[in-house]
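First, the structure itself, so that you have it in front of you.
The values are calculated or read from the model by the stated rules, or taken from the named source; none is laboratory data. Since this is a predicted model, take the numbers as computed values, not measurements. Using ideal geometry, Cβ is built from the backbone for each residue, glycine included, and neighbour counts are taken over all protein chains shown.
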């Protein structure tokens, strides 16, 4: 087959681009030579040219095709990764804007009064279930006080948390009165139901589990408090029902 028979070959834009890329990779003079080269390699692969199998250019051709496939796969994976990062960044930015708006509203409700700092922090804790670093820094900026002062208060009072907390707070009383009535068995049932241990928060941020020394209702012991509700020694079935009510 003569080279001139391929000069007038019509190519799609994608085929044109591939031909140019292969022309450069293979060091061929014209794009028509690419197709002659490809036919030659097919002939070698299918034993149509006696004595030619095993030549170096046959292996080079296969390596080139495989490498192009690898590069395409890597490029697609990189594009998916960049899109994921973009979406995460946009989500974080939007969350930050909403947090600042919420903190501003709470600070303004208290007249931006430094003397009401603890109440401001309590309202932020109630709204977000924890005090994030960004929230602490923004409160400090609005009230024009050192952030260290806020951290001192947040670590001193147990009502505050500097780690994400669940939307629902679960507390088990382990005081003397509840302990002798089986509070540890209740704690085991609750841990199994929520799939977390005391001091932990579920991965979906629905529940946080803690133990306390007294809930002030010893006669009902052992007692569990879920948000603002108290339950006396609930069974495993009752715990599942309580979970469903929360969800």
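So which pairs qualify, if the first residue must be in region 229-240 and on the phi > 0 side of the Ramachandran plot, the second must be surrounded by 15 or more Cβ atoms within 10 Å (Cβ to Cβ) and part of a strand (DSSP E or B), the Cβ gap must be under 9 Å, and the two must be at least 6 apart or on different chains?
233/223; 233/224
Checking the condition touching a helix residue (DSSP H, G or I) at 6+ places or on another chain (Cβ under 7 Å) and within 30 Å of residue 235 (Cβ to Cβ), which residue from 190, 139, 180 passes?
190
Return yes or no: is residue 197 within 29 Å of residue 231 (Cβ to Cβ), modelled with pLDDT of 90 or more and surrounded by fewer than 19 Cβ atoms within 10 Å (Cβ to Cβ)?
Against the criterion (within 29 Å of residue 231 (Cβ to Cβ), modelled with pLDDT of 90 or more and surrounded by fewer than 19 Cβ atoms within 10 Å (Cβ to Cβ)), residue 197 qualifies.
I'd like to know if region 198-214 contains one or more residues that are in contact with a helix residue (DSSP H, G or I) (Cβ under 9 Å, 6 or more places away or on another chain), part of a loop (DSSP other than H, G, I, E, B), without any contact (Cβ under 8 Å) to a residue 24 or more places away in the chain and not assigned by TED's automatic domain parsing to the domain that holds residue 108.
yes
Oh, and also: Which numbered condition in (1) free of Cβ contacts under 8 Å to residues at least 24 places away in the same chain; (2) in contact with a helix residue (DSSP H, G or I) (Cβ under 6 Å, 6 or more places away or on another chain) is the only one that residue 218 fails?
Condition not satisfied by residue 218: (1).
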